[in-house]
């Protein structure tokens, strides 16, 4: 992060290093390896002309690691390999079964608990894990060998012992980083961790321990935890890696049958995720990233388990609605508002939040009413177009005409659900021009102008809106002065002539396939206009300029 990526030297001048490392003498090899690391620590791009030397160097260093080395020499060898494994064009020497077994042994994840001298040095394990992360990320061959060797089992065995062993935070972080890469890149490992190794239960416990969560009960973090000491950087970094792994292994959760035991585990996880949304974090950028991963994971979990977000005790500082604690929902709204405001990578950052809020509103009445109160308060300003302004409603309406189809559909869907899927109210808050896309997709174009009915507590018509309602242009969603009729002073012949010009223009655009004429079908959906049923008048091209 924040480092400058330098191109490697033409040949990286490793001749002397090869000679010293090849001798097998630790005392001779160590200074040369340390010098190589110091010179190339920021090297991420490599020249082709030094490729053969780098390959030979990697093989020599791997042979050294197979021997009995002092920790300092092990560390230097692994530091050298960490640099060499960045070269995507030269990974074959490191992607063999033997090389990966050597690295796994130095990382302490080979599954062998009883070894002479115990676990490797902490710094050695971290360097070995970094090498494995580079290999898994850059080499499909390494990914396959890791899957065949059962590396995920060795990582999980160590994860289970976190509470009984005092391991350095960096080891935990890179254990999780390696596990994330394996589950992201290999479907078979993802399924193995999810089903055979009960990954959700295992990682939920690790996440709980990482965040040092204290409980009032099985589904509520102790009062004061959210306002306590901020999460340290190392805690937050490790938690985010765990969240990413959980996202990978729950990606198909909505397609699975969830039994009572699993549902209880997911509710416990949701309670921890609520803590992730509300706990203070030392770094603001980290807080947003943590919230982003939390939102992504919440979107994978069963909707019936998300009610835990509302089950916390109401505190004096809580956002309360209908006697429920809405702090988590309020945090989700704040996260969405920030991401929409920035407008950067909307598809990756905004869509998960929109979908989560939509499904929560659809499944929980209290959540929907709270969101409607925050996003669509009673309409008072009828002079401004719905997409103009700085409120979240204005921002979401602007997204309804976003070039990305998925973004605009998700934004429209949330607003439609908050309107209790009432077409008249939806048009009222967004304007027919903005609402037309969703209405057309849902086949609701024919019901656009019906008033609809809703309960008294759902009625949001203010006095200002009622007074101006007759003058509101439903297409733009605001009050507009009536413009003079341009056809008042025209004769019937002139009107017919203008109508014919318009028809010719539309006909020409249709023939050139610039757009396709559509008709409203009986089911309310738009369908291509049937030329047999609605024949076009044949007009000679020369008539297009005629008066």
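The values are calculated or read from the model by the stated rules, or taken from the named source; none is laboratory data. Not measured: the values here are computed from a predicted model. When we count neighbours, we look across all protein chains shown, and the Cβ atoms used for this are built from the backbone with ideal geometry, even at glycine.
Residues of the stretch 160-188 being in contact with a helix residue (DSSP H, G or I) (Cβ under 6 Å, 6 or more places away or on another chain) and closer than 17 Å to residue 110 by Cβ, which ones?
Answer for the stretch 160-188, where residues must be in contact with a helix residue (DSSP H, G or I) (Cβ under 6 Å, 6 or more places away or on another chain) and closer than 17 Å to residue 110 by Cβ: 171, 174, 175, 178, 179, 182.
So, residue 404, is that one over 24 Å from residue 304 (Cα atoms), at pLDDT below 95, under 22 Å from the mean Cα position of the chain (by Cα) and surrounded by fewer than 17 Cβ atoms within 10 Å (Cβ to Cβ) or not? Explain how you work it out, then say what you get.
Working: over 24 Å from residue 304 (Cα atoms): yes; at pLDDT below 95: yes; under 22 Å from the mean Cα position of the chain (by Cα): yes; surrounded by fewer than 17 Cβ atoms within 10 Å (Cβ to Cβ): yes.
Yes.
Can we say residue 258 is outside any loop (DSSP other than H, G, I, E, B) and over 25 Å from residue 161 (Cβ atoms)?
On the way: outside any loop (DSSP other than H, G, I, E, B): no; over 25 Å from residue 161 (Cβ atoms): yes.
No: the conditions fail for residue 258.
Name, by its number, the condition in (1) more than 22 Å from residue 411 (Cβ to Cβ); (2) in contact (Cβ under 8 Å) with a residue 40 or more places away in the chain that does not hold for residue 318.
It is condition (2) that residue 318 fails.
Mind listing just one residue for me: the one in the stretch 313-348 that is within 16 Å of the chain's Cα centre (by Cα) and assigned to a loop (DSSP other than H, G, I, E, B) and, of those, surrounded by the most Cβ atoms within 10 Å (Cβ to Cβ)?
The extreme case among them is 343.
Can you tell me which of (1) farther than 22 Å from residue 194 by Cα; (2) at pLDDT below 95 is the one residue 291 doesn't meet?
Every condition holds for residue 291 apart from (2).
Can you name the residue in the stretch 225-250 that is surrounded by fewer than 16 Cβ atoms within 10 Å (Cβ to Cβ) and assigned to a loop (DSSP other than H, G, I, E, B) and is also modelled with the highest pLDDT among such residues?
Here is the first cut: in the stretch 225-250, the ones surrounded by fewer than 16 Cβ atoms within 10 Å (Cβ to Cβ) are 227-230, 232-234.
With assigned to a loop (DSSP other than H, G, I, E, B) added as a condition, the list becomes 227-230, 232.
On the way: 227: 63, 228: 71, 229: 83, 230: 90, 232: 93.
Of everything passing the filter in the stretch 225-250, 232 is modelled with the highest pLDDT.
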